[in-house]
Amino acid sequence: MRLKIVGSAAGGGFPQWNCNYYLSRAARSGVVGVWPRTQSSLAASADGQGWVLFNASPDIRQQIAATPELQSQAGRGLRNTPIRAVVLTNADVDHIAGLLSLREREPFAIYATDRVLATLRANSIFNVLDPAFVPRRQLQEGEDIEITDAEGQGTGVRVEAFSVPGKVALYLEDTARPDENYGSESGDTVAVRISNTQGNPAAFYIPGCARIDPGLRERVSGAACLLFDGTLYDDDEMIAAGVGPKTGRRMGHIAMSGVDGSVSSLADVPVGRRIFVHINNTNPVLDESSPEHEAIRAAGWEIGRDGMEIRL
Ligand code: MLT
Ligand code: MN
């Protein structure tokens, strides 16, 4: 099985269009070791032919252009795509806006929880994806299924979705209910366990996660690969940088550092490879010469990059 990190940045990408922070400036000016990154997406293939995309980012057009495996294949008709299905892990802009770029009457299947499907239904712009070509299918949490294409042909990629601590998408927050996590419910943010029909070892893709609880530790224990929420290094990093008022906690993203951070919370959980994805443009690990980058690598983690491939 092949996994490809199609986009390793969080919402906004890196550099972000309006960002003048030192990291975005360095990425924009081509500083070695501060590599630009596109927004959050992963692709998986069981046979190297058909691909299942996990999240459709606003950068999808650029991502397909940079990824030959996701491009139209020669000799297969004037219009074709190896993208068989798109699995959504939440309804954040960085994970669903790319669906709009996949219009053009091309068949593929969308998989998401009922909460995320309800958001697509409520926004009529997504009707550019005619259900006659692009069926929408509900992911039932805890059910391990084979992803199939629009016609129901198997892809060989298996997925099990389960809720993780998180938050509803920013534009869906009920600000009158801050004590109830802004109206977030189960199914707003899911993790996916990705495996294949050959019984290869499984990987977990969790681009958004607010906390690591015992249940999550148990689930990912023994995984061949964990691709995990690397939005922030420090919980208050965006405040310290002066770019915004929110902590990671407020945004539904656990920080890498700190006693409750992802590095220490997962330190004793056995995992083959652990890789941070969904990295925000304020995260100092984006600079390969930073002490934070070094600390994360020393703790056994990799920092995801666009185009990085994992074979399982
Ligand atoms: C997030 O991951 O918290 C969102 O993608 C933020 C955003 O809407 O840009
Ligand atoms: Mn995001």
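Kindly establish whether G98 is at pLDDT 95 or above, of a type in the set (G, A, S) and touching a helix residue (DSSP H, G or I) at 6+ places or on another chain (Cβ under 8 Å). Walk me through how you get there before you give the answer.
Working: at pLDDT 95 or above: yes; of a type in the set (G, A, S): yes; touching a helix residue (DSSP H, G or I) at 6+ places or on another chain (Cβ under 8 Å): yes.
Against the criterion (at pLDDT 95 or above, of a type in the set (G, A, S) and touching a helix residue (DSSP H, G or I) at 6+ places or on another chain (Cβ under 8 Å)), G98 qualifies.
Within the set A44, A26, the sole residue that is surrounded by 24 or more Cβ atoms within 10 Å (Cβ to Cβ), among the small types (G, A, S) and not in a loop (DSSP other than H, G, I, E, B) turns out to be A44. Residues in the stretch 50-59: is at least one under 19 Å from P131 (Cα atoms), surrounded by fewer than 19 Cβ atoms within 10 Å (Cβ to Cβ) and among the aliphatic types (A, V, I, L, M)? No: zero hits.
Being closer than 21 Å to P58 by Cβ and either of a type outside the set (K, R) or touching a residue at least 12 places away in the same chain (Cβ under 8 Å) (or both) is a property that Y182 lacks.
One line per residue, one yes/no per condition, for (1) under 20 Å from A44 (Cα atoms); (2) at pLDDT 95 or above:
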| site | (1), (2) |
| --- | --- |
| P68 | yes, yes |
| Q73 | yes, yes |
| R76 | no, no |
| T89 | yes, yes |
| D92 | no, yes |
| Y111 | yes, yes |
| R115 | no, yes |
| F126 | no, yes |
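Picking from R217, R250, which residue would you name as being surrounded by fewer than 22 Cβ atoms within 10 Å (Cβ to Cβ) and within 16 Å of ligand 1 (Cβ to nearest atom)? Result of the check over R217, R250: R250. Could you say whether any residue in the stretch 229-241 is of a type in the set (A, V, I, L, M) and closer than 27 Å to T148 by Cβ? No - not one qualifying residue is present in the stretch 229-241. Only one entry of P131, P107 meets the criterion of being away from ligand 1 (no atom under 16 Å from the Cβ) and either modelled with pLDDT of 95 or more or in contact with a Cys (Cβ under 8 Å, 6 or more places away or on another chain) (or both), and that entry is P107.
Kindly check whether there is at least one residue in the stretch 79-94 that is among the charged types (D, E, K, R), farther than 16 Å from I194 by Cβ and part of a loop (DSSP other than H, G, I, E, B). Break it down stepwise before answering.
We begin by selecting, within the stretch 79-94, every residue among the charged types (D, E, K, R); these are 79, 84, 92, 94.
Applying the additional criterion that residues be farther than 16 Å from I194 by Cβ yields 79, 92, 94.
The next check asks that each one be part of a loop (DSSP other than H, G, I, E, B); those that pass are 79, 92.
Looking through the stretch 79-94, at least one residue is among the charged types (D, E, K, R), farther than 16 Å from I194 by Cβ and part of a loop (DSSP other than H, G, I, E, B).
For the criterion of being more than 15 Å from ligand 2 (Cβ to nearest atom), in contact with a Ser or Thr (Cβ under 9 Å, 6 or more places away or on another chain) and polar (S, T, N, Q), Q153 fails. Of the residues in the stretch 172-191, at least one is touching a Leu at 6+ places or on another chain (Cβ under 9 Å), assigned to a strand (DSSP E or B) and within 26 Å of Y233 (Cβ to Cβ).
Within the stretch 116-127, identify whether any single residue is touching a residue at least 60 places away in the same chain (Cβ under 8 Å), over 18 Å from L70 (Cα atoms) and within 20 Å of the chain's Cα centre (by Cα), and answer yes or no. Yes - at least one qualifying residue is present in the stretch 116-127. Scanning the stretch 109-126 for residues that are away from ligand 2 (no atom under 16 Å from the Cβ) and either part of a strand (DSSP E or B) or over 30 Å from H253 (Cα atoms) (or both) yields A109, I110, Y111.
For the structure I just gave you, tell me whether E146 is under 18 Å from the mean Cα position of the chain (by Cα), acidic (D, E) and over 21 Å from G7 (Cβ atoms).
Numbers: under 18 Å from the mean Cα position of the chain (by Cα): no; acidic (D, E): yes; over 21 Å from G7 (Cβ atoms): yes.
In short, no.
Looking for something modelled with pLDDT under 95 and touching an Asp or Glu at 6+ places or on another chain (Cβ under 8 Å) - is there at least one such residue anywhere in the stretch 189-209? Yes, there is a match, as at least one residue in the stretch 189-209 is modelled with pLDDT under 95 and touching an Asp or Glu at 6+ places or on another chain (Cβ under 8 Å).
Anything in the stretch 189-213 that is of a type in the set (K, R) and within 16 Å of I275 (Cα to Cα)? List them, or say none. Talk me through it step by step, then tell me what you get.
Within the stretch 189-213, the subset of a type in the set (K, R) is 193, 211.
Scanning the stretch 189-213 gives a single hit, R193.
Taken residue by residue, the stretch 224-234 has no member that is within 16 Å of ligand 2 (Cβ to nearest atom), part of a helix (DSSP H, G or I) and buried (at least 20 other Cβ atoms within 10 Å of the Cβ).
In the stretch 10-50, which residues are within 30 Å of R136 (Cα to Cα) and without any contact (Cβ under 8 Å) to a residue 60 or more places away in the chain?
Looking only at the stretch 10-50, we keep the residues that are within 30 Å of R136 (Cα to Cα), and these are 10-13, 37-50.
Result: Q39, S41, A43, G48, Q49.
The values are calculated or read from the model by the stated rules, or taken from the named source; none is laboratory data. Quantities reported herein were computed from a predicted structural model and do not represent experimental measurements. Neighbour counts run over all protein chains shown; Cβ positions are idealised from the backbone, glycine included.
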